[in-house]
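The values are calculated or read from the model by the stated rules, or taken from the named source; none is laboratory data. For clarity, every value in this text was computed on a predicted model and none was experimentally measured. So basically every Cβ, Gly included, is an ideal-geometry build from the backbone, and we count neighbours across all protein chains shown.
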Amino acid sequence: MTWIGVLIALIGALGYALGAALQQREAVTAGATLALVRRPRWWLGGVAGLSGACLHGLALCLAPLVAVQPVSVATLVFAVPLAAMLHGRRPRPAELAGSVAVAIGLLGLILLIPVSGDTPELTDAGAVGLLAGVGVIVAVTSAAARRMRGPIAAVLTAVGAGAVIATVSTFARAVGGHVLTDPKSALHWFTFVIPVLLVWAFVLLQRSYALGYFGIAYASVQVVDLLLSVAAGAFLLGETLPTGWGRAIPALLAGALLVGGTITLARLAPDRSGAAAV
């Protein structure tokens, strides 16, 4: 079932990457405003992204959080070049190098985490604490982003979006880990929180995309999503983390690639396909 879940996650992640690239192009042109709803390509991106999110949720019903997340991260190597082509230009060598470095670094970190087949358990107290913590993260990053410009503002907004997306994955895993054996377990307040979180993440993503720095924004979302998902999986769902010195050096190397790739993406000029309202 884990491999089936990973395959479904791969298909969903490709859809999410395509949707993100399409919506970023439209957000750069029209800004993160209601004008986006009059743009067919933005709706197409929304359908692709929503389809990817649904498949991601299905994958979490079949496989642990730490097995599904690496697949989503790998799509960074496709999303960044795709976004460049949608803006009518060739991907820059630095974009390709940065996106590959981030993807390899993230995959290296997550693959060091052992996959547990245990049924996830999320308590009400843990869920409320997670929501409160993410609320603080979004409030702080959003306030800071309003005072910044350029890639820093894009990163700050993307950090908030990534935190919310990780929370969605955590709740989806908590619900999905039980629903196949006990369908009635879906009638829990966790289930009804998920669509609210999705809308919240969606708004934050559009704001980040509108700034034009797709590479660093998309990478930041993936980094925060991964790190917070792993932390939530370990501390709230009871999933296992790696132990032993044998994993320390590979983890440091993966972390160095992650940092280097992220810095590379942050130094790139923004995409502009029109007058953006930011």
Across the stretch 17-68, the tally of residues that are within 19 Å of L7 (Cβ to Cβ) and polar (S, T, N, Q) stands at 1
Near pairs, Cβ below 8 angstrom, 6+ apart or cross-chain, from the stretch 28-41 (more than 19 Å from G150 (Cβ to Cβ)) to any residue that is of a type in the set (F, W, Y)
A30/W42; L36/W42; V37/W43
Give the residue, chosen from G57, G88, that is surrounded by 19 or more Cβ atoms within 10 Å (Cβ to Cβ) and either touching a helix residue (DSSP H, G or I) at 6+ places or on another chain (Cβ under 9 Å) or over 30 Å from D182 (Cα atoms) (or both).
G57
Give me a count of the residues in the stretch 56-83 that are touching a Phe, Trp or Tyr at 6+ places or on another chain (Cβ under 8 Å) and either without any contact (Cβ under 8 Å) to a residue 60 or more places away in the chain or farther than 17 Å from V230 by Cα (or both).
5
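Select from the stretch 129-175 the residues that are under 27 Å from V68 (Cα atoms), hydroxyl-bearing (S, T, Y) and over 15 Å from the mean Cα position of the chain (by Cα) and list them in ascending order.
Residues of the stretch 129-175 under 27 Å from V68 (Cα atoms): 129-138, 141, 154-175.
When the remaining residues are screened for being hydroxyl-bearing (S, T, Y), the result is 141, 157, 167, 169-170.
Within the stretch 129-175, just T141 meets the criteria.
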Suppose we keep only residues that are of a type in the set (A, V, I, L, M) and touching a residue at least 24 places away in the same chain (Cβ under 8 Å) within the stretch 176-202. Which one would you say is surrounded by the most Cβ atoms within 10 Å (Cβ to Cβ)?
A201
(1) over 22 Å from R207 (Cβ atoms); (2) under 15 Å from the mean Cα position of the chain (by Cα) all hold for R92 apart from (2)
In the list G31, G12, G5, which residue meets the criterion of being among the small types (G, A, S) and at positive phi?
G31
For the stretch 164-278, which fully contained helices (runs of 4 or more DSSP H) count at least 3 residues that are at pLDDT 85 or above?
189-210, 214-235
